């Protein structure tokens, strides 16, 4: 028994576990995002018909609940250094499905509308739309980690996320840099990064926000 415990603490064993959790988490993320995978496949195929904005919106809707679930999994991994990956992912997916879908459906619509405005408006209002697009995007980066960890009213989650963008501006910058780096890695080595990219992005987000989330948790406990 002692030898088994010692073996489980070996660095190589820990590394294998980490690779397994990241890979399986990413696969589950892809599994519940099959509509998006179809969209990406058909839109990149030769002589493909470009999807309409409505089709893009509908195919991207499953991303919200999947993103929230994977964030929850990576948050638990950072806190506890252990996972039951299948059980944890689908438990968090089911628990946060309705709220994350509602929030994402609104945020996604705002992002698409603002993107269209940015694309076709080149005057001073174009700068305003770019700012609004970034705010809508960053609210999503903060709000889904919050609802993956805490039971919050949607309105409260939106307000807290908006505040975090500016109150924790250093974290916001780190999040932007990590997301850009993940995007560059995906386009540079897509064959390898596609196996882990979802988990890596979610891990990065939860890692940079871990102190913020811990602070929220301590304040919540103090108020109960």
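The values are calculated or read from the model by the stated rules, or taken from the named source; none is laboratory data. Predicted model only: the values in this text are computed from it and were never measured. Methodologically, a virtual Cβ is constructed for each residue, glycine included, from the backbone with ideal geometry; neighbour enumeration extends over all protein chains shown.
Residues that are part of a loop (DSSP other than H, G, I, E, B) and either buried (at least 16 other Cβ atoms within 10 Å of the Cβ) or at pLDDT 95 or above (or both) within segment 167-194 comprise just one, 168.
Here residue 146 meets each of (1) at pLDDT below 95; (2) surrounded by 15 or more Cβ atoms within 10 Å (Cβ to Cβ) with one exception, condition (1). Checking the stated criteria, residue 100 turns out to be closer than 25 Å to residue 208 by Cβ and buried (at least 18 other Cβ atoms within 10 Å of the Cβ).
Given the condition within 14 Å of residue 212 (Cα to Cα) and surrounded by 13 or more Cβ atoms within 10 Å (Cβ to Cβ), answer yes or no: does some residue in segment 122-129 qualify? Among the residues of segment 122-129, not one is within 14 Å of residue 212 (Cα to Cα) and surrounded by 13 or more Cβ atoms within 10 Å (Cβ to Cβ), which makes the answer no.
Identify all residues within segment 1-22 that are at pLDDT 85 or above and either touching a helix residue (DSSP H, G or I) at 6+ places or on another chain (Cβ under 7 Å) or farther than 16 Å from residue 81 by Cα (or both); write none if there are none. Those that are at pLDDT 85 or above and either touching a helix residue (DSSP H, G or I) at 6+ places or on another chain (Cβ under 7 Å) or farther than 16 Å from residue 81 by Cα (or both): 21, 22.
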